[in-house]
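Chemist: Mind looking over this structure? Questions follow.
Read-outs throughout are calculated quantities, based only on the coordinates presented, and are distinct from any laboratory measurement. Worth saying up front: this structure is predicted, and the values here are computed from it rather than measured. Counting neighbours? That spans all protein chains shown, and the Cβs are built from the backbone with ideal geometry, glycine included.
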Amino acid sequence: MLPIKLLKWIAFILSLLPFLILILGINNFINLGPNIVEAVLHRTGNTSLNLLMIVLLLPLMAKHTLFRNFIVLSRMLGLFSFFYAALHLCVYLFIDRNMSILSIQDDFISRPYILAGMIAFLSITPLALTSFRRAQIRLRKLWKKIHQLVYLGTASGIIHYIWQMKIDLSLPMLYLVGFLIILELKKGFRVT
Amino acid sequence: MSKTWSQKLKIKQFKDFEVTPENLFNNRRALLKSAFALGLLPSRSYGHVTDIEGYRPWDQEYPGILNAYEDITNYNNFYEFGLDKSDPARYSHTLETHPWQVEVSGLTNKPGVYDLEEIIQPMQLEERVYKLRCVEAWSMIVPWIGFSLGSFLQQFEPQANATFVQFFTLYDTDMMPGQRSRVLDWPYREGLTMAEAMHPLSFLATGLYGKTLPNQNGAPIRLVVPWKYGFKSIKSIVKIVFTDQKPLTSWNQANAREYGFYSNVNPNVSHPRWSQAYERVLGQGFFTPRVPTEMFNGYGEQVAHLYDGLDLQINY
């Protein structure tokens, strides 16, 4: 088993990597293609959802002695997921929509996937805000309840992903299946 | 690669000049024609990009307006080679475009299966700089080389009762492996009204940027209808049918609520996926904002009359 400190450093660097790639891409050190805003939106969205899926997997992985340590990564990976979701939202609002209230309003009314994405972001925001230890101690049982929102956040994130798809749903559907399997496994563990 | 907005405004300028091609164009056209006559234009292989001699890069006259060749040839929607924008550039080498035949059928006095070379031989090549507006709310400025669709279709003497023309892309799962996954009802098909097809802006391209078309851009011959969303501009055409029925079109079949038969660029028709009011001009920096989309992609003066009396909110 990896020592916890080393594990955390590895996770930190791996989680930061997509951000570094974006910074290099925006400054033309890496070629992200001719539609750079779209590339940044896709990358931040994907990374956020991937990290959220990993966070959900961690408690299940901890059942195996080999990965027992990994549960300590929950907070960091969860916060990174929020970080990428916040980037995603900011790029959408300030770069892609250029802060045009009319255009954003039209998106909310005419495009359900925007609404799903917003629900996803709002669901994980309280988790990020209460992620520090003192909040955990002070909120006690309520903390656990609040953090159940991670399931709503992941589910709406996946719906956001499915609904924005143009034609081929196979990849987002894979996320949905993975999510349902995680839910099912979790149930199984609770019974035993 | 930063372009100022005032530079981009020149787009309006050259839109005019490409439909009234007398001044600057004649020069180029003459050069291209002579190149063609001398047999300098590639006749052996359309599959591999070859220079078209006599071509002067447009970008030297109007710097900073055209999209880079690399952008035009590496960011493509051509699902026959995969769904990612970079897939066509990566995987379209499997497409063999020589020999290439085009079947012409339906309400025509000259139906038949023709060698492509034979039917493009009488055409006068010219360059047209058009804005390609994708339904995904991005656009690029492309210097196409080809000839007007109308004069090409006249060769086949369409009958008077032909009111539509339909086009088909090649169907070959070995050459177009993306067709093995049934994301669309293959082969890809598109259609225009005869009035649209005969409009002088409707274009068939066999080249771009002074070179023959790369496979990922629809080699050896593709449609370009600049006032319609990009998916109307069908690639790698093998079949043309004249008909009196409104033909099936692939994206309309896949999702009729989002993609209509006409699919004219229209910032006022809301789309459930992308706001069509603005577009992102490709190849710009991260902080360059979108620009407003123009009705008929800016070609309204030339084409709006085609739709007189038609409710474009319903006939989108």
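Chemist: Under 10 Å, Cα contacts only: if you run a Gaussian network model on chain A, which one of A:Pro34, A:Pro126, A:Pro172 comes out with the highest mean-square fluctuation?
Modeler: A:Pro34
Chemist: If you average the alpha carbon positions of the stretch B:209-227 and of the stretch B:83-132, how far apart do those two centres end up, in angstrom?
Modeler: With the stretch B:209-227 and the stretch B:83-132 each reduced to a Cα centre, they are spaced 8 Å.
Chemist: A follow-up question, please. Which value, in debye to the nearest 20, gives the size of the charge dipole of the stretch B:79-150 about its Cα centre, when Lys and Arg are +1 and Asp and Glu are -1 at the Cβ? Display every interim value, and only then the final one.
Modeler: On the way: 6 positive and 11 negative charges, 72 e Å.
Here the size comes out at about 340 debye.
Chemist: Can you find, among B:Ala160, B:Thr173, B:Leu66, the residue farthest towards the positive end of the dipole of the stretch B:50-194? Put +1 on the C-beta of Lys and Arg, -1 on that of Asp and Glu.
Modeler: B:Ala160
Chemist: Still on this model: Counting only other chains, what is the mean number of Cβ atoms within 10 angstrom of the Cβ of each residue in peptide B:277-286? Before the final figure, lay out each step's value.
Modeler: Details: counts 4, 5, 0, 6, 2, 5, 4, 4, 5, 12.
Going residue by residue through B:277-286 and averaging, the value is 5.
Chemist: Where in the stretch B:232-265 are there trypsin sites (Lys or Arg not before Pro) that are in a DSSP coil and have at most 10 other Cβ atoms within 10 angstrom of their Cβ?
Modeler: Working: sites: B:Lys232, B:Lys235, B:Lys239, B:Arg257; in loops: B:Lys235, B:Arg257.
The qualifying sites are B:Arg257.
Chemist: Which whole number gives the average count of other chain Cβ atoms within 10 Å of the Cβ atoms across peptide A:164-170?
Modeler: On the way: counts 2, 2, 12, 8, 5, 1, 3.
Mean partner shielding for this stretch: 5.
Chemist: Dipole of the stretch A:4-191 (Lys/Arg Cβ +1, Asp/Glu Cβ -1, origin at the Cα centre): which of A:Gln136, A:His160, A:Leu102 lies farthest to the positive side?
Modeler: Value computed over the given set: A:Gln136.
Chemist: Sticking with this structure for a sec: About the Cα centre of the protein assembly as shown, what is the dipole size in debye to 20, counting +1 per Lys and Arg Cβ and -1 per Asp and Glu Cβ, all else neutral? Spell out each step's value before the answer.
Modeler: On the way: 49 positive and 39 negative charges, 735 e Å.
The dipole of the protein assembly as shown has a size of about 3540 debye.
Chemist: Quickly rank A:2-13, B:206-217, B:161-172 as a protection proxy: mean count of other C-beta atoms within 10 Å, highest first. Provide the component values of the computation, followed by the final result.
Modeler: On the way: A:2-13: 12.7, B:206-217: 24.1, B:161-172: 19.9.
Sorting A:2-13, B:206-217, B:161-172 by mean packing, highest first, produces B:206-217, B:161-172, A:2-13.
Chemist: Considering only A:Ile159, A:Ile21, A:Ile114, give the residue with the highest GNM mean-square fluctuation for chain A, with springs between Cα atoms whenever their separation is below 10 Å.
Modeler: A:Ile21
Chemist: For chain A, with a Gaussian network of springs between Cα atoms less than 10 Å apart, report the residue from A:Phe82, A:Phe29, A:Phe121 with the top mean-square fluctuation.
Modeler: Highest fluctuation among the options: A:Phe29.
Chemist: Pairs of Cα atoms under 8 Å, at least six residues apart: use those to get the relative contact order of the stretch A:4-191, whole percent.
Modeler: On the way: 152 pairs, mean separation 36.2, N = 188.
Contact order relative to length: 19 percent.
Chemist: If you take each beta carbon of peptide A:25-36 and count the beta carbons of other chains within 10 angstrom, what is the mean? Write down the numbers at each step before the final one.
Modeler: Numbers: counts 1, 3, 2, 3, 0, 0, 2, 1, 8, 16, 12, 8.
Mean partner-chain Cβ count within 10 Å for A:25-36: 5.
Chemist: Just name one of B:Ser263, B:Gln302, B:Gly285: the one whose Cα is farthest towards the positive end of the charge dipole of the stretch B:225-316 (beta-carbon charges, Lys/Arg +1, Asp/Glu -1).
Modeler: The residue sitting most towards the positive pole is B:Gly285.
Chemist: Find the lysine pairs in chain A meeting two conditions, Cα atoms under 30 Å apart and a separation of 8 or more places or different chains, and report how many there are.
Modeler: Lysine pairs meeting the criterion: 22.
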